[in-house]
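Shown below is the structure under consideration.
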Amino acid sequence: MTVLATPTRPSSSWPPSDTPAEEAPHSKPRRGWWHLVLVPVALLFATPFVQMFLTSLTPESEINRFPVRFFPSELTLDGYAKLFRDTDVLLWTSNTVLVSLVAVGSHLVLCSLAGYGFARLKFPGRNVGFFMIIATIMIPTQLLMVPTYVMFARVGIIDTLAAAMVPWLASVFGIFLMRQFFLSLPVELEEAALLDGCSRFTTFWRIILPLARPALATLAIFTLLSSWNDLVWPLIAINDPSAFTLQLGITNFQGARRTDWSLLMASNVVATLPLIVFFVFAQKQFIATMSFTGVKG
Amino acid sequence: MTATDVATRRPGTVRPTRRPGHPRRVRDGLTGWGFVAPATLIVLGLSIFPAVWAFLLSLQDWNGFSTPEAVGFDNYREMAADPDLGGAALHTLLYTALFVPASVLLGLGLAVALNRRIVLVGLYRTLIFLPFVVSAAATGILTTYLFNPQFGLVNNVLRAIGLPPQGWLEDPNQAMVVLAIMSLWGQAAFTTVIYLAALQDIPAELTEAARVDGANRWQSFWHVTFPQLAPVTVFVSIWQTIQAIQLFDLVYTTTRGGPLGATETIVYYLWTSAFKDLEFGYASAVAYGLFAVTLAITIGVTIYSRRSTVGGF
């Protein structure tokens, strides 16, 4: 369940520092016995991934069989072939990609605009508005499920992708994150631009936003992770398989194809691999995002 | 954006004398709301508005189609006497008791282990953090596979070391334990990251002073480092408790409340009431009850930690 977050490092400043483990001045380098702890733990954490990839490549005949083997005798793409041939997984993937693109795009635009407005502009109702937004952190997702469903039904977006997108168009987390970032910028930058005759919007768009790349990266990752992995909103609002997201599709497999393990694991790989690759390449930003949120799909 | 071409205040310049004050105020208001209105409307429209609506729904008997019938606080009275809800509350409590202490301790342990300059630490960190990106749907499939009583990896390992295989998700006494284990796998990264950041905020002089005074590593950790982490421990405990109380996704993607209702949590029960039994009013009442409990826990722990020496949260 996804929860919009408060900043979780009360004593640290933003943006978060570099990858943490490197600086521990009080620990002597190369204390070898820590490996004795970390190797088994890391292997334990990696095991489900190894099983997922191996099983997706295992011939069906070798899966429900004794004696069970960890490594298959041969690797095959049958699971993937079945997945792409017999199911709508490509459609669901493109649905999810579309939902995530809209979510990330909308988040980046709307939350940075609002964050800037709340950080820098003076206008009537600003404090009340910001307070109300922050107060919504207290409202848990499950409180919203029924009325949101009814609302979506009234607007007529049940069984459409819009139902999966709308909850991710903007978020408290995004507004708060961007506001904190803009507050940390020196005000002289924009004053110079304003004196030169730029409008507020031009100043924001040309001068301020390009400086906000680190915060925007954090925001993009948060939104991607949340919208890609989201299950609750599609689950309550989408019953039509042609509007399924990837998560909804593979959840449905569990009922329909409960023993077809190579196919199930292949679908798991399809749903997870993009985020894994992304994580490996943008680990630092992911960690920054994680330390700012409690988000977990 | 309507605010685009609105000319803006230039600090230090002389303002036009024509009707001073008022037009500028309107202009500032337009510019400001132009920036914040879209996101604000979306956020409030999808939170405060439905939250208020949920409260009104909780005072009704409604299946989504018929004419809603006002029933006052009947739904809340019904809740108090609902044995299924009581059961769901117990299961949720069990999961919380399993998950929260374990996740806090695991996060602390992993953070301490990862907080050193040793070779391969980057690789360890990647492997331990990676499960964080795995969705509940994918975790569900993995859980069902790894803990399959017949051919699952966990039982294979048990057999290999001469222990009896277990029923896991098919055993009402073990299913919740399995869910807690897999939640730990998926969420250890969060508590670890928080503790890592906190560990680095502790001045090195503190532990050095303790060492100089003759404390060993273990003593300096428990008597110097750990107390410094107290505010963070309070924070992650509250946070993880709130997460645990709201457990739904993983139940939905693994057991769907089974076996024999052993993993039916409060939110799963709420979801069933709303979207299977179509009792929108009752489900909303349950949601408000849960909200009240969550709020009470948060406030209670915060006040308690402010009063005791933990402080600073």
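The values are calculated or read from the model by the stated rules, or taken from the named source; none is laboratory data. Everything numeric here is computed off the predicted structure, so don't read it as measured data. Virtual Cβ from ideal backbone geometry, glycine too; neighbours counted across all protein chains shown.
Restricting to region A:269-284, give me the number of residues that are more than 14 Å from A:PHE222 (Cα to Cα) and of a type in the set (Phe, Trp, Tyr).
1
A:MET178: modelled with pLDDT of 90 or more, surrounded by 18 or more Cβ atoms within 10 Å (Cβ to Cβ) and within 30 Å of A:ASP240 (Cβ to Cβ), yes or no?
So A:MET178 fails the test.
A further question on this structure: Consider B:TRP239 carefully, then state whether it is more than 10 Å from chain A (Cβ to nearest Cβ) and aromatic (Phe, Trp, Tyr).
Answer is no for this residue.
For (1) surrounded by fewer than 18 Cβ atoms within 10 Å (Cβ to Cβ); (2) in contact (Cβ under 8 Å) with a residue 40 or more places away in the chain, each residue gets a yes or a no:
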| residue | (1), (2) |
| --- | --- |
| A:THR160 | yes, yes |
| A:ALA163 | no, yes |
| A:LEU169 | no, yes |
| A:LEU194 | no, no |
| A:GLY197 | yes, no |
| A:THR202 | yes, no |
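Now for a different question. Given the conditions (1) buried (at least 21 other Cβ atoms within 10 Å of the Cβ); (2) farther than 20 Å from A:TYR80 by Cβ; (3) not small (Gly, Ala, Ser), and given that A:THR251 satisfies all but one, which numbered condition is not satisfied?
If we test A:THR251 against (1) buried (at least 21 other Cβ atoms within 10 Å of the Cβ); (2) farther than 20 Å from A:TYR80 by Cβ; (3) not small (Gly, Ala, Ser), just (2) comes out false.
Would you mind stating whether B:ALA54 is under 15 Å from B:SER273 (Cβ atoms) and in contact with a helix residue (DSSP H, G or I) (Cβ under 6 Å, 6 or more places away or on another chain)?
Answer is yes for this residue.
Do any helices (runs of 4 or more DSSP H) lying entirely in region A:67-181 carry at least 2 residues that are within 30 Å of B:ALA296 (Cα to Cα), and which ones are they?
In region A:67-181, A:126-135, A:141-155 are the helices (runs of 4 or more DSSP H) which contain 2 or more residues that are within 30 Å of B:ALA296 (Cα to Cα).
Per-residue answers, yes or no, for (1) touching a Ser or Thr at 6+ places or on another chain (Cβ under 8 Å); (2) buried (at least 17 other Cβ atoms within 10 Å of the Cβ); (3) more than 30 Å from A:LEU38 (Cβ to Cβ); (4) hydroxyl-bearing (Ser, Thr, Tyr):
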position: B:LEU59; (1), (2), (3), (4): no, yes, yes, no
position: B:ASP84; (1), (2), (3), (4): no, no, yes, no
position: B:ALA97; (1), (2), (3), (4): no, no, no, no
position: B:LEU105; (1), (2), (3), (4): no, no, no, no
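Determine if region B:131-152 includes at least one residue that is in contact with a Leu (Cβ under 9 Å, 6 or more places away or on another chain), more than 8 Å from chain A (Cβ to nearest Cβ), surrounded by fewer than 18 Cβ atoms within 10 Å (Cβ to Cβ) and under 30 Å from A:PRO72 (Cβ atoms).
Scanning region B:131-152, I find at least one residue that is in contact with a Leu (Cβ under 9 Å, 6 or more places away or on another chain), more than 8 Å from chain A (Cβ to nearest Cβ), surrounded by fewer than 18 Cβ atoms within 10 Å (Cβ to Cβ) and under 30 Å from A:PRO72 (Cβ atoms), so the answer is yes.
This table checks each residue for (1) surrounded by fewer than 18 Cβ atoms within 10 Å (Cβ to Cβ); (2) touching a residue at least 60 places away in the same chain (Cβ under 8 Å).
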{"site": "B:ILE42", "(1), (2)": "no, no"}
{"site": "B:TRP62", "(1), (2)": "no, yes"}
{"site": "B:ASN75", "(1), (2)": "no, yes"}
{"site": "B:GLY109", "(1), (2)": "yes, no"}
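If I go through region A:135-158 residue by residue, how many of them are within 26 Å of B:ILE266 (Cα to Cα), surrounded by 17 or more Cβ atoms within 10 Å (Cβ to Cβ) and more than 8 Å from chain B (Cβ to nearest Cβ)?
Number of matching residues: 2.
Report whether or not A:GLY129 is without any contact (Cβ under 8 Å) to a residue 12 or more places away in the chain and touching a Phe, Trp or Tyr at 6+ places or on another chain (Cβ under 9 Å).
Yes; evaluated as a whole, the condition is true for this residue.
Among the helices (runs of 4 or more DSSP H) lying completely within region B:104-173, list those that include at least 1 residues that are charged (D, E, K, R).
Counting at least 1 such residues, we get B:121-129, B:153-160.
List the number of the failed condition for A:VAL104; all other conditions in (1) closer than 30 Å to B:PHE235 by Cα; (2) at pLDDT 90 or above; (3) within 9 Å of chain B (Cβ to nearest Cβ) hold.
Of (1) closer than 30 Å to B:PHE235 by Cα; (2) at pLDDT 90 or above; (3) within 9 Å of chain B (Cβ to nearest Cβ), only one is false for A:VAL104: (3).
Okay, next question. Collect the residues in region B:111-130 that are over 21 Å from the mean Cα position of the chain (by Cα), more than 7 Å from chain A (Cβ to nearest Cβ) and crowded, with 20+ Cβ neighbours inside 10 Å, keeping them in residue-number order.
B:VAL112
Looking only at region A:212-227, decide whether some residue is surrounded by 24 or more Cβ atoms within 10 Å (Cβ to Cβ) and facing chain B (nearest Cβ under 8 Å).
Yes, the conditions are met somewhere in region A:212-227.
Right, another one. For region A:204-234, give me each residue that is part of a helix (DSSP H, G or I), of a type in the set (D, E, K, R) and touching a residue at least 12 places away in the same chain (Cβ under 8 Å).
A:ARG206
Kindly indicate whether any position in region A:235-249 is closer than 25 Å to A:VAL50 by Cβ, modelled with pLDDT under 90, at the interface with chain B (Cβ under 7 Å from one of its Cβ atoms) and in a helix (DSSP H, G or I).
No.
For B:ILE128, only one of the following conditions fails: (1) more than 21 Å from B:GLY109 (Cα to Cα); (2) touching a Leu at 6+ places or on another chain (Cβ under 7 Å); (3) touching a residue at least 12 places away in the same chain (Cβ under 8 Å). What is its number?
(1)
So B:SER66 fits all but one of (1) farther than 18 Å from A:MET132 by Cα; (2) hydroxyl-bearing (Ser, Thr, Tyr); (3) within 14 Å of another protein chain (Cβ to nearest Cβ); (4) assigned to a helix (DSSP H, G or I); what number is the exception?
Going through (1) farther than 18 Å from A:MET132 by Cα; (2) hydroxyl-bearing (Ser, Thr, Tyr); (3) within 14 Å of another protein chain (Cβ to nearest Cβ); (4) assigned to a helix (DSSP H, G or I) one by one, B:SER66 breaks only (4).
Check off (1) farther than 30 Å from B:ALA136 by Cα; (2) not in a loop (DSSP other than H, G, I, E, B) for B:GLY214 and give me the number that stays unchecked.
That leaves (2) as the condition not met.
If you don't mind, another one. Given (1) facing another protein chain (nearest Cβ under 10 Å); (2) in contact with a Ser or Thr (Cβ under 6 Å, 6 or more places away or on another chain), identify the lone condition not met by A:TRP205.
(2)
Return yes or no: is B:PHE221 more than 14 Å from every other protein chain (Cβ to nearest Cβ), in a helix (DSSP H, G or I), surrounded by fewer than 22 Cβ atoms within 10 Å (Cβ to Cβ) and aromatic (Phe, Trp, Tyr)?
No: the conditions fail for B:PHE221.
What's the total number of residues in region B:78-107 that are without any contact (Cβ under 8 Å) to a residue 12 or more places away in the chain, farther than 22 Å from B:ALA198 by Cβ and among the aliphatic types (A, V, I, L, M)?
So the answer is 5.
It is to be established whether one or more residues within region A:152-164 are farther than 30 Å from B:ASP61 by Cβ, at pLDDT 90 or above and of a type in the set (Phe, Trp, Tyr).
no
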